[in-house]
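Taking it in order: structure first as structure tokens, then the write-up.
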Amino acid sequence: MSGAAIVRAILAADGAVGALVGDRIFYTVAPQEAGLPNIVLVKGGLSETLMLAGESGYPEERVTIVCHGADFAVVEGLGDAVLTATKDKAGTFGGKSGTVWRDDVEAGDYLPTTRTHRRVVGIKVRWR
């Protein structure tokens, strides 16, 4: 289990995100034939709080969510839906108890070779 798998479970279950991307949620890179819009989840670091008695038992992972779309308005809307779906989320996802909160990552750009706009947002996931 990873933080990315928890985030995927949250996004796949969210009606607003599903209405925009369907099942086009991928890990690391989207296939070339993937339609737009889509989401790519990128793992970005795993740590665990060290307590005086040892490790806490709650791994924490940064997950970067990259929203791809044909225009700026699409990726802005998709990014907003992703942030709403993951905002202060807590519960059981994929059999693991987890908590999700927003990280300080936020960026946007344009990929001219594929004519794709991107919105990049970061979140953190802690689970047990």
Original post:
For residue 48 and residue 76 in the same chain, what is the full-extension length gain: residue separation times 0.36 nm, less their Cα-Cα distance, in nm?
Top reply: 6.9 nm
Original post:
Looking at [x] 29; [y] 23; [z] 19, which value of percent of Cα pairs over 25 Å apart comes from a calculation on the structure shown?
Top reply: [y]
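Nearest 500 deg cm²/dmol is fine: what mean residue ellipticity at 222 nm does the chain get from its DSSP H runs of n ≥ 4 alone, each adding -39,500 (n - 2.57), divided by its residue count? Walk me through the intermediate numbers first.
Numbers: 3 runs with 33 residues, N = 128.
Mean residue ellipticity at 222 nm (helix-derived): -8000 deg cm²/dmol.
Sequence gap at least 6, Cα distance under 8 Å: using those rules, report the relative contact order of region 3-127 to the nearest whole percent. It would help to have the intermediate numbers written out before the result.
Values: 265 pairs, mean separation 32.9, N = 125.
The value is 26 percent.
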Subject >> GluC sites (Glu not before Pro) restricted to DSSP loop in region 12-99 with at most 15 other C-beta within 10 Å >> reply: 33
Subject >> Other-chain or far-sequence residues with amide H under 5 Å of residue 103's (modelled H) >> reply: 122, 123, 124
Subject >> Distance in nm between pseudo-label sites at residue 87 and residue 99 (7 Å out along the Cβ direction from Cα) >> reply: 1.9
Subject >> Sequence of 86, 99, 114 once ranked by neighbouring C-beta atoms within 10 Å, starting from the fewest >> reply: 114, 99, 86
**OP:** Report the label-to-label distance for residue 110 and residue 58 in nanometres (one decimal), using points 7 Å from each Cα along the Cα→Cβ vector.
**Re:** 4.3
Original post:
On a 0 to 90 degree scale, rounded to 10, what angle separates helix 3-13 from the longest Cα axis of the chain?
Top reply: 60
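Bear in mind these aren't lab numbers, they're just calculated from the coordinates by the rules spelled out. This is a predicted model, so every value here is computed, not measured. Cβ atoms come from the backbone with ideal geometry, glycine included; neighbour counts cover every protein chain shown.
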